[in-house]
Amino acid sequence: EAIGGFAAGIVGTLLGFPLDLVKTRMQTQLSSSATKQLSAISLLSHILRSEGISSIYKGVGPPLLSLSIVNTLSFTSYSYFRQNYFHGQDGWDYNNALSGMMGAPIFGIVTTPECLLKTQMQLDNVRGEREKGKKLQPNQIQQQKSRGKFTSSFHCARTLVSSHGLRILYTGHVINTIREAAFVGTYFFCYEGYKSEFRKLLLGIDKQIWNNADSPNSHDAPWSTTLSIPMAGGCAGATGWALTFPMDCVRAGVQGQPIPSSQSTGQLKKKGALEILKYLLESKGFTGLYAG
């Protein structure tokens, strides 16, 4: 489980990071007038044209490391608490949710700095584009690709910490930890439930294929278990995101706020999660919490 979680963290991050970039841009709406009201595909196309292909993986370092660690810890932690404390059963058992949520405080410690750096890096080029637009003539803007002030995630972290201290890396820690707990709890609850349902469904299909309920193959068809696991994982992930996406939108709003790179460049004023939530509801309505 630990090895599988680690591998899933790496592969999932590399495959999904370009989409995560688009999600962050749409959630925060920190974009130039040229990118407003664009669909996800149109926005991704705009990013590639205006910022270059390398921009879609800007800031991938922190999540590549942290999500590999968190995926490893989450499956290991879930298995440990499920077997030794909550004794969760197969199927729809709330104890599976509790078992998954036990690791959330540790996950939050790891993922809050990662999410902050990732979000700052993903929005860095947008801020660079805005600054460029202020300095250049309109006919010059399209001739230069957008570049931000941070050259790497390490440079971003070093700059922010040197100016504001280590605490700056834990901006949005509370909302991120709550989001982690809600997601992993939902994920493992649904994972065990979906897995049981899919296995029953596939066993029923197996019986129909063999047309004999007493066939040895119908009692425990190996392929039903093999297929039910990835099917359950995919559906559990989708369900988890559907329920916790508003919290992720608020988290992105909190961590995506501009942070001065030095004390001399501006006063650090941060809005909290409740202020961001209020702003989103007032400006975009409930559907704004599902932007991206």
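Could you grab me the full set of residues in segment 54-63 that are more than 15 Å from L19 (Cβ to Cβ) and open to solvent by 30 Å² or more (accessible area, probe 1.4 Å)?
Residues satisfying the conditions are S54, G61.
Filtering segment 75-111 down to residues that are of a type in the set (S, T, N, Q) and open to solvent by less than 10 Å² (accessible area, probe 1.4 Å), which residue is farthest from A232 (Cα to Cα)?
At the first step, the residues of segment 75-111 found to be of a type in the set (S, T, N, Q) are 76-77, 79, 83-84, 89, 95-96, 99, 111.
Okay, now just the ones that are also open to solvent by less than 10 Å² (accessible area, probe 1.4 Å), so 96, 99, 111.
Numbers: N96: 14, S99: 18, T111: 25 Å.
That would be T111.
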Filter result (more than 19 Å from L43 (Cα to Cα) and outside any helix (DSSP H, G or I)) within segment 267-292: Q267, L268, K269, K270, K271, G272, G285
Top-ranked residue of segment 159-197 - restricted to ones that are among the acidic types (D, E) and over 20 Å from the mean Cα position of the chain (by Cα), ranked as surrounded by the fewest Cβ atoms within 10 Å (Cβ to Cβ): E197
Number of positions in segment 210-234 that are at pLDDT 90 or above and open to solvent by less than 50 Å² (accessible area, probe 1.4 Å): 4
Residue count for segment 283-292, restricted to those that are out of contact with any helix residue (DSSP H, G or I) (no Cβ under 9 Å at 6 or more places or on another chain) and open to solvent by 60 Å² or more (accessible area, probe 1.4 Å): 2
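Might you check whether a residue that is part of a loop (DSSP other than H, G, I, E, B), of a type in the set (F, W, Y) and either at pLDDT 95 or above or touching a Lys or Arg at 6+ places or on another chain (Cβ under 7 Å) (or both) occurs anywhere in segment 75-90? Before you say what the answer is, go through the steps one by one.
The first filter runs over segment 75-90 and keeps only residues part of a loop (DSSP other than H, G, I, E, B), leaving 87-90.
Now restrict to residues that are of a type in the set (F, W, Y): none.
No - not one qualifying residue is present in segment 75-90.
The values are calculated or read from the model by the stated rules, or taken from the named source; none is laboratory data. Quick caveat: nothing in here was measured; it's all calculated off a predicted structure. For neighbour counting, all protein chains shown are included, and Cβ atoms are generated from backbone atoms with ideal geometry for every residue, glycine included. Just the protein is used for accessible areas: all its heavy atoms, side chains included, with ligands, DNA and RNA removed. Shrake-Rupley method; radii C 1.70, N 1.55, O 1.52, S 1.80 Å.
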